[in-house]
Amino acid sequence: MKLTFRIGAQAGAGVMVTGRVLGRCFTRGGYSVLGYPEYPSLVRGGHNVFQIRVSDNGVSSPITKCDVLLALNKDAVFYHKDAVVDGGIIIYDEKIDISEFKLGKKIEKVALPLEKLLKDAGATQRMANAVQIGAALAAIDYPIEIFEGVLKDEFGRKGEEIVKKNIAAARAGYDFVKSKTKPIKSVKPVSKKRKMLVGGNEALALGAIKGGLKFYAAYPMTPASSILHYLFAKEREFNIVVKQTEDEIAAMHYAIGANYTGVRAATGTSGGGFALMTEAMGLAGLSETPVTVFLVQRVGPSTGIPTWTEQGDIRFALHASQGDFLRCVIAPGDINECFSLSAEALNIADKYQIPSIVVSDKFLSESLFSTEGFDENIKIDRGKIVTKLPKLPPNTRFERYKLTKDGVSPRPLPGTPGGLYVATSYEHDETGFSTESFSMRKAQVDKRASKQEYLLKDIPAPKVYGDKNAEFTIVAWGSMKLPALEALHRFKQDKISANLVHFTYLYPLDEKKVKSVLGKAKHTIMIENNSTGQFAGMLKQYVNWEPDFLMLKYTGRPFYAEEIFEEVSKLKKAGFKGKKEIRVLDKEDLEYYNPQRYGL
Amino acid sequence: MAVTIKDFDVKEKMQWCPGCGNFGLITALKGALADLGKDQSEVVVVTGIGCSGKTSHYINTYGFESLHGRTLPVASAVKLANTDLTVIAEGGDGDGYGIGIQHFIHIMRRNYDLTYLVHNNEIYGLTTGQASPTSLLGMKTKTTPWGVIETPFNPILSAINGGATYVARGFAGEPAHLKELIKGAIEHKGFSLVDIFQPCVTFNKLNTYEWFRERVYKLEDMGHKPTDKKAALEKAEEDTKTDYKKCPIGLFYKEEKPTYEDLLPQIKGKPLVKHGLKIDLSKAYEEFM
Ligand SMILES: Cc1ncc(C[n+]2csc(CCOP(=O)(O)OP(=O)(O)O)c2C)c(N)n1
Ligand SMILES: [Mg+2]
């Protein structure tokens, strides 16, 4: 069973909330759910849409078609009418005059008298989304009781009256649609075991909390802000200090200062904010202070397109700051990896006393995904922190930057007697005292660099999904795992043997491990959500490997599974010959920023 | 065994120019810490970059020499992470009132319990003598060959207006007096600023020891009441208003206010760094089901 809803409305009408609640109705029934929001960088005026995909067999990518369109304003009908499949249904507010649109004959249409239904149910305008969700559920004959359960949990603490009214509103929407039309499908829960429906940023935050995060400093920036929001909401429950700083320069320095003092600390931002953090990246590098940065990419450069997605910042993550020093760049590819790699990034920072950067993007971070639960088997490894030390002779310092075999030196926390030292942005000797000695400079550079060898041992080879001996291989990193997996599914349906090689650890790279996986691939197609193939370039540079084909998309949308399926199918037909670079453009060329452009 | 001022010394030679105001300043700081009986390992000196920035290398406590202008955000986080520590932030006038001024403005609103010492030599010392935000009108420097034409920044006035709860000015040429101001600042619960006239004998030929000696006087000698905000604001402008005939030093303003940390229940009575890392997320998960 696969089913797709779209909810469209003007900005500010709350489609995100409606989408989330609708999604929960299905995760409660044991289904897999993906919730994918698209919205312009406007608080009012533009168009918002939320896509909810439901499946009993995994679902991971937005698609171009939908079965149920919930159109809350005229714009929504205009934008999404062509997405509705034959046999699908459009439920629209009765105030919308749909006569001016050409709508498919095989599509059911139901005009919802929203205001009247609310009034009759004794509900308020704020409960409109309950009516809408009730209506949407009726269209597929899904038990309304599940939604009632969600409402009870959601509004329980606001009192019975509010719950009652919401349920009445939901029933009104449900009964109305049932009275008007036959359901397009009959969908029933597949399991009593509830899944969770979690946003990518929430999973990053939860993983960090589980990984021992105690301090988070950030400056708001879409699409990273919801990490900050979630952590703020939870700071008292989990004894975390969360700080909104004056800018990202401060945020990164706060995170470094807190790590120096001994608490696990991180910051998070998008590319523009990370630009302001570059100077402190170097500070962490030279002073060997652990720090973790959540870098949630959006369309760049500069302000770019703030609310749309891209994978354009990994070269930046890799090179931010002057000079040479080791850092670890990690890109989770799905909701469970958001959780576990977030915790792992904190471990790597602590263990190797380096910056670790968790690279996500708007698509992964702001979408909702179902999960059966996170892997909580996380071992917190604080590396070489020392809290008990012998007394130091008078007027001497501890050898915080002692030259060691693995490049990692003992790190006393302030407050520890016997551990006095100065952490510094200057090149320094083993005690942290500034030095310009040629031999010490070289020794300290080599010491810091030698960590790479050990870090690489902790880093797994890229993962293979699908047939080991597939006819062709899709290569992806980070969030592009999601559409790639769904494309694999399509190939499988057609009995075509394909696989996916997916990278979560982007840097440093181990040539042997990478080649042990990619060396066997027959035809390779790499997909990246950027315009230059940044990771393909890194693979060439660091492990001397190149894909046969490079498929790039940089329109602001993630790859859709269908696009990958179609483009790769074409390549297959051509015997994997042809132009090496393929640039993909979305089929529906629409923008939500200026509905006025379409006379709306 | 009680700590002495010598415990705060380091073996390395302090490499400032002979006669630099930083010598008097660091002596006052070490003396203040010793007088207060501070355990070396409980003190963190966070500095920026500049001649002033070397202080963290020349004092035997925990230290962090961060980046130019970034003293305050690092120091703020050290305090939030471990409220048991005594945190001293130090930087130059370029560091704190130039490149890092956004942090200065905002830290005053927050009232963290930490002390900020500004080595105000009215010049960029380490970079060999460019104008700083506090260079006086008309002063010739490498970057103002025809004299400064920007109005100097008034840190004392900004601090009182900005919400700092302990605002003082010292003079490196009077280390005993400066020591008392620093002690008061460390003991003050909240954000304390001590702006320090610190002669740069190499690059600032205008604001010399003599220049200061002719002009400074102590507020306490004139019966100034630091709790009187109006009087404090007047005193803050006395130097400019008298065309630098009179430059008051001492405690301008002091106010009792809850600190930022006081308002965080999650670290009441237990520093963040001492919290356990074992977390049960099951309740948090429920919201997603
Ligand atoms: C981002 C950055 N810009 C510029 C510099 C160069 N720089 C080092 S110290 C300094 C100014 C020093 O003046 P001040 O802060 O007053 O300290 P002083 O040396 O006078 O004590 C400058 C511009 C730097 N280190 N970092
Ligand atoms: Mg200076």
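The values are calculated or read from the model by the stated rules, or taken from the named source; none is laboratory data. All values derive from a computational prediction rather than experimental measurement. In this analysis, Cβ positions are derived from the backbone assuming ideal geometry, glycine residues included, and neighbour counts consider all displayed protein chains. With ligands, DNA and RNA removed, areas are computed over all heavy atoms of the protein, side chains included. Shrake-Rupley method; radii C 1.70, N 1.55, O 1.52, S 1.80 Å.
Would you check if A:Ala498 is touching a residue at least 40 places away in the same chain (Cβ under 8 Å), small (Gly, Ala, Ser) and over 27 Å from A:Ile305 (Cα atoms)? Against the criterion (touching a residue at least 40 places away in the same chain (Cβ under 8 Å), small (Gly, Ala, Ser) and over 27 Å from A:Ile305 (Cα atoms)), A:Ala498 qualifies. Of the set (1) open to solvent by 40 Å² or more (accessible area, probe 1.4 Å); (2) without any contact (Cβ under 8 Å) to a residue 40 or more places away in the chain; (3) within 16 Å of ligand 2 (Cβ to nearest atom); (4) more than 11 Å from chain A (Cβ to nearest Cβ), all apply to B:Ala2 but (3).
Scanning the stretch A:228-261 for residues that are open to solvent by 20 Å² or more (accessible area, probe 1.4 Å) and among the aliphatic types (A, V, I, L, M), we see that the one that is farthest from the other protein chains (Cβ to nearest Cβ) is A:Ala233.
Name every residue in the stretch A:21-38 that is within 27 Å of A:Val299 (Cβ to Cβ) and either in the same structural domain as A:Phe363 (by TED's automatic domain parsing) or more than 16 Å from the chain's Cα centre (by Cα) (or both), in order of residue number.
Step one: of the stretch A:21-38, the residues within 27 Å of A:Val299 (Cβ to Cβ) are A:23, A:33-38.
Hit for the stretch A:21-38 is A:Gly23, nothing else.
When the stretch B:118-165 is filtered for residues that are open to solvent by less than 10 Å² (accessible area, probe 1.4 Å), more than 17 Å from B:Gly69 (Cα to Cα) and hydroxyl-bearing (Ser, Thr, Tyr), the ones remaining, listed by number, are B:Ser135, B:Thr165. Note on the stretch B:86-111: residues that are surrounded by fewer than 24 Cβ atoms within 10 Å (Cβ to Cβ) and not in a helix (DSSP H, G or I) amount to 2.
Out of the residues in the stretch B:112-126 meeting the condition of being near ligand 2 (Cβ under 9 Å from one of its atoms) and in a loop (DSSP other than H, G, I, E, B), tell me which one is farthest from the other protein chains (Cβ to nearest Cβ). By that ranking, first place goes to B:Glu122. Of all the criteria given as (1) under 22 Å from A:Asn259 (Cα atoms); (2) more than 13 Å from chain B (Cβ to nearest Cβ); (3) buried (at least 22 other Cβ atoms within 10 Å of the Cβ), the one not satisfied by A:Ser225 is (3).
Being within 16 Å of ligand 2 (Cβ to nearest atom) and either within 17 Å of B:Lys179 (Cα to Cα) or among the acidic types (Asp, Glu) (or both) is a property that B:Leu67 lacks. Among the criteria (1) touching a Phe, Trp or Tyr at 6+ places or on another chain (Cβ under 9 Å); (2) under 26 Å from A:Val241 (Cα atoms), the one B:Lys30 does not fulfil is (2).
Going by the conditions given, is B:Leu193 within 15 Å of the chain's Cα centre (by Cα), under 22 Å from B:Ser76 (Cβ atoms) and touching a residue at least 12 places away in the same chain (Cβ under 8 Å)?
For B:Leu193, the condition - within 15 Å of the chain's Cα centre (by Cα), under 22 Å from B:Ser76 (Cβ atoms) and touching a residue at least 12 places away in the same chain (Cβ under 8 Å) - is met.
Take the residues in the stretch B:31-53 that are over 12 Å from the mean Cα position of the chain (by Cα) and within 16 Å of A:Ser287 (Cβ to Cβ); name whichever of them is farthest from the other protein chains (Cβ to nearest Cβ). Spell out how you get there, then give the answer.
Looking only at the stretch B:31-53, we keep the residues that are over 12 Å from the mean Cα position of the chain (by Cα), and these are B:31-44, B:49-51.
Keeping just the survivors that are within 16 Å of A:Ser287 (Cβ to Cβ) gives B:44, B:49.
Numbers: B:Val44: 5, B:Ile49: 7 Å.
Looking at the filtered set, the residue picked out is B:Ile49.
Each residue in the stretch B:151-167 was checked for being assigned to a loop (DSSP other than H, G, I, E, B) and within 15 Å of ligand 1 (Cβ to nearest atom), and 2 pass. Within the stretch B:1-60, the residues that satisfy the criterion of being in a loop (DSSP other than H, G, I, E, B) and polar (S, T, N, Q) are B:Thr4, B:Gln15, B:Asn60.
Of the residues making up the stretch B:54-94, not one is more than 7 Å from chain A (Cβ to nearest Cβ), in contact with a strand residue (DSSP E or B) (Cβ under 6 Å, 6 or more places away or on another chain) and aromatic (Phe, Trp, Tyr).
Any residue that is more than 17 Å from the chain's Cα centre (by Cα), aliphatic (A, V, I, L, M), buried (at least 19 other Cβ atoms within 10 Å of the Cβ) and at the interface with chain B (Cβ under 9 Å from one of its Cβ atoms) - is there at least one of those in the stretch A:183-194? Talk me through it step by step, then tell me what you get.
The first filter runs over the stretch A:183-194 and keeps only residues more than 17 Å from the chain's Cα centre (by Cα), leaving A:183-194.
Filter again for aliphatic (A, V, I, L, M), leaving A:184, A:187, A:190.
With buried (at least 19 other Cβ atoms within 10 Å of the Cβ) added as a condition, the list becomes A:187.
Still in the list and also at the interface with chain B (Cβ under 9 Å from one of its Cβ atoms): none.
No, that holds for no residue.
It is to be established whether one or more residues within the stretch A:345-355 are surrounded by fewer than 24 Cβ atoms within 10 Å (Cβ to Cβ) and of a type in the set (Lys, Arg). Yes: the stretch A:345-355 contains one or more residues that are surrounded by fewer than 24 Cβ atoms within 10 Å (Cβ to Cβ) and of a type in the set (Lys, Arg). Per the listing B:Gly92, B:Gly129, the residue uniquely near ligand 1 (Cβ under 10 Å from one of its atoms) and in contact (Cβ under 8 Å) with a residue 60 or more places away in the chain is B:Gly129. Selection of the stretch B:95-111 for residues being in contact with a Pro (Cβ under 7 Å, 6 or more places away or on another chain) and within 9 Å of chain A (Cβ to nearest Cβ) yields only B:His103. Taking the stretch B:12-47, which residues are surrounded by fewer than 18 Cβ atoms within 10 Å (Cβ to Cβ), touching a Lys or Arg at 6+ places or on another chain (Cβ under 9 Å) and more than 25 Å from B:Asp113 (Cβ to Cβ)? Correct list: B:Met14, B:Gln15. Filtered by the rule that a residue be away from chain B (no Cβ under 11 Å) and of a type in the set (Gly, Ala, Ser), the stretch A:372-412 gives A:Gly383, A:Gly407, A:Ser409.
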